[in-house]
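Read-outs: derived from the displayed coordinates by stated rules, not from any lab. Bear in mind the structure is a predicted one, so any value in this text is a computation, not a measurement. Note that we place each Cβ from the backbone using ideal geometry, even for glycine, and neighbour counts take in every protein chain shown.
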Amino acid sequence: MKILLVGAGLSNAVIGRELASAGHSIVIVDSRSHIAGNCHTERDRETGVLVHVYGPHIFHTDDKEVWEYVNRYSAFKPYTNRVKTTVKEQVFSLPVNLHTINQFFEKVMRPDEARVFLESKADTSIEEPKTFEEQALRFVGRELYEAFFKGYTQKQWGCHPNELPASILKRLPVRFNYDDNYFFHRYQGMPEHGYTKLVEKILDHPNIEVILNKKFERGDGAEFDHVFYSGPLDGYFNYELGRLGYRTLDFERFTFDGDYQGCAVMNYGEESVPFTRITEHKHFAPWEEHDKSVCYREYSRACGKDDIPYYPIRLVKEKELLAKYVELAKNQQKVTFVGRLGTYRYLDMDVTIREALDTAREFLLCMKNGRQMQSFYVNPLG
């Protein structure tokens, strides 16, 4: 079969490789001048630092098959994400752990003592937290919430934390030990030569043709047997029902002669600081040595029509519009919507790859059994 894949990020790279290996003819188009989507990395000409052009991407997973998959195409170096945050002219570790708690409250508590202490700070009248703010007040109390979560969240999402669902904060655990590893997954690391080289290797197959700087039009799919679309779901329909809400990021790049902040990620939790964090990119590849440094200040804001969409908002209004686009999508023939933008969901890289592998296998099974591949392998409304 002749198959068109729109977007050259992780989703379609994996789907394309799996289908090409099964003997199908694959054409991948992307409107940008490079592959790998938002995880694109490139060498900075001035400093030699490997830069995460659209912000840092750190690979972490418990999925053994996904870990083995990416290691087939790139050597992965060990990397532990240790995030710091500057609040009240002090530097603390995140996620909130025993060191953070002891430092913040100027105490020397054991784990059991810290649990009891934090429970005394919590608002136990909140039995079932429904909002981000209620979740924080219930489990860490007002002081830690206002220091580490409130201002950062308002800057990141552009709204008060009482407008956000509690589920967002559930991804940020409190630890009653001194473990400052931001993630808790079994496998963690970075591709030695960057994500673009990883995707390049995945796409290196004689049955795959990649066309860059090519904007997709819906009519382009007519000559193909099937289309996998990883662009914005609303964009496929020319935003005819309105635009789904996203947050976007602005990056203020600067260089420094030496080591600027001593870590890869420094958050700034106070609302008075306009940016959310500073990332120092040479620390994402600690096996390399560079005299100079490249840093990004990150600013979050509402996504305009000409901006790059990063984070789907998925509040009540957006979910109502999403449901309408999903119905339109289900009426399409021989088109499957995939990935972060195609399903309007925030996805970590390992989940993206897992869903792409499963989608490709489902497609091959459909072809074998004479069934039509559905518009979504994963329910965007779930």
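Give me the three principal axis extents of the chain from the C-alpha atoms, as integers in angstrom, largest value leading.
67, 50, 37
Going Cα to Cα from LYS317, which aspartates and glutamates come in below 14 Å? Please leave out same-chain ones fewer than 8 positions away.
GLU163
Treat each spin label as a single point 7 Å out from the Cα along the C-beta direction, and report the VAL91 to ALA22 distance in nm.
Rounded to a tenth, the inter-label distance reads 5.0 nm.
Quick check for you: which residues of segment 26-62 have the amide N under 19 Å from the point 7 Å beyond the Cα of ASN207 toward its beta carbon?
26-29
Could you please state, rounded to a whole Å, how far the C-alpha centre of segment 90-131 is from the C-alpha centre of segment 232-264?
What the calculation gives is 32 Å, centre to centre.
5 Å is the cut-off here: which amide hydrogens, built 1.01 Å from N in the peptide plane, fall below it relative to PHE228, excluding neighbours closer than 5 in sequence?
Excluding prolines and chain starts, which carry no amide H, the hits are LEU4, LEU5, VAL6, THR336.
Choose one answer from ASN181, ASN38, ASN81: the residue with the largest mean-square fluctuation in a GNM of the chain with alpha-carbon springs under 10 Å.
ASN181
R0 = 35 Å: FRET efficiency of ARG115 with LYS77, Cβ-based, nearest 0.05? The partial results should precede the final answer.
Numbers: r = 36 Å, r/R0 = 1.02.
The calculated FRET efficiency here is 0.45.
Run through the DSSP bridge list for the chain and note the antiparallel percent, rounded to the nearest 5.
Values: 35 of 54 bridges.
Of those bridges, close to 65 percent are antiparallel.
Taking the Cα centre of segment 96-171 as origin, work out the dipole magnitude from +1 charges on Lys and Arg Cβ and -1 charges on Asp and Glu Cβ, in debye rounded to 20.
Numbers: 11 positive and 12 negative charges, 53 e Å.
Dipole of segment 96-171, to the nearest 20 debye: 260 debye.
Note down the nm distance, to one decimal, between modelled labels 7 Å out along Cα→Cβ at HIS99 and at GLU288.
2.6 nm
Which of the peptides 3-14, 24-35 is most tightly packed, and how do the rest follow, going by the mean number of other Cβ atoms within 10 Å of each residue? List each step's numbers first, then the result.
On the way: 3-14: 27.4, 24-35: 19.1.
The peptides rank, most packed first, as 3-14, 24-35.
Looking at the square roots a ≥ b ≥ c of the eigenvalues of the Cα gyration tensor of segment 83-188, which shape do they give, rounded for a/c under 1.5, prolate if a/b is larger than b/c, or oblate? List each step's numbers first, then the result.
Details: a/c = 1.42, a/b = 1.21, b/c = 1.17.
Rounded, since a/c falls under 1.5.
Could you sort the peptides 203-216, 148-161 by per-residue average Cβ neighbour count (10 Å cutoff), highest mean leading? Mind dumping the intermediate values first?
Numbers: 203-216: 14.6, 148-161: 19.4.
So the order, starting with the most tightly packed, is 148-161, 203-216.
Students often forget the sequence filter, so: which aspartates and glutamates lie under 12 Å Cα-Cα from LYS214 once same-chain residues fewer than 8 apart are removed?
Candidates past the 8-residue exclusion: ASP30.
Going 7 Å from the Cα of LEU364 toward and past its Cβ, which residues in segment 200-237 have a backbone nitrogen under 16 Å from where you end up?
It comes to 203, 205-208, nothing else.
What does the charge count near LYS305 come to, summing +1 for each Lys or Arg and -1 for each Asp or Glu among other residues with Cβ under 12 Å from its Cβ?
Working: positive: ARG243; negative: ASP234, ASP306, ASP307.
For residues surrounding LYS305, the net value is -2.
Over the Cα atoms of segment 251-382, Rg to Rh with Kirkwood Rh, two decimal places? The partial results should precede the final answer.
Values: Rg = 20.5 Å, Rh = 18.4 Å.
Radius of gyration over Kirkwood radius for segment 251-382 works out to 1.11.
Sorted by average packing, counted as other Cβ atoms within 10 angstrom per residue and highest first, what order do 236-245, 277-286, 56-65 take? List each step's numbers first, then the result.
Numbers: 236-245: 15.3, 277-286: 21.4, 56-65: 17.3.
Answer by packing, highest mean first, reads 277-286, 56-65, 236-245.
Mind checking which lysines have their Cα closer than 28 Å to the Cα of LYS64? Skip sequence neighbours fewer than 8 apart in that chain.
Leaving aside lysines fewer than 8 places away in the same chain, those within reach of LYS64 are LYS77, LYS170, LYS197, LYS201, LYS282, LYS368.
Label segment 332-382 by shape, choosing from rounded, prolate and oblate, from the square roots a ≥ b ≥ c of the eigenvalues of the Cα gyration tensor; if a/c is under 1.5 it is rounded, and otherwise prolate applies when a/b is larger than b/c, oblate when it is not. Can you show the working numbers first?
Details: a/c = 2.83, a/b = 1.56, b/c = 1.81.
Oblate.
With the cut-off at 1.5 for a/c, could you classify segment 1-71 from its C-alpha gyration tensor as rounded, prolate or oblate?
Details: a/c = 2.78, a/b = 1.40, b/c = 1.98.
Oblate shape, in that a/c is at least 1.5 and b/c is the bigger or equal ratio.
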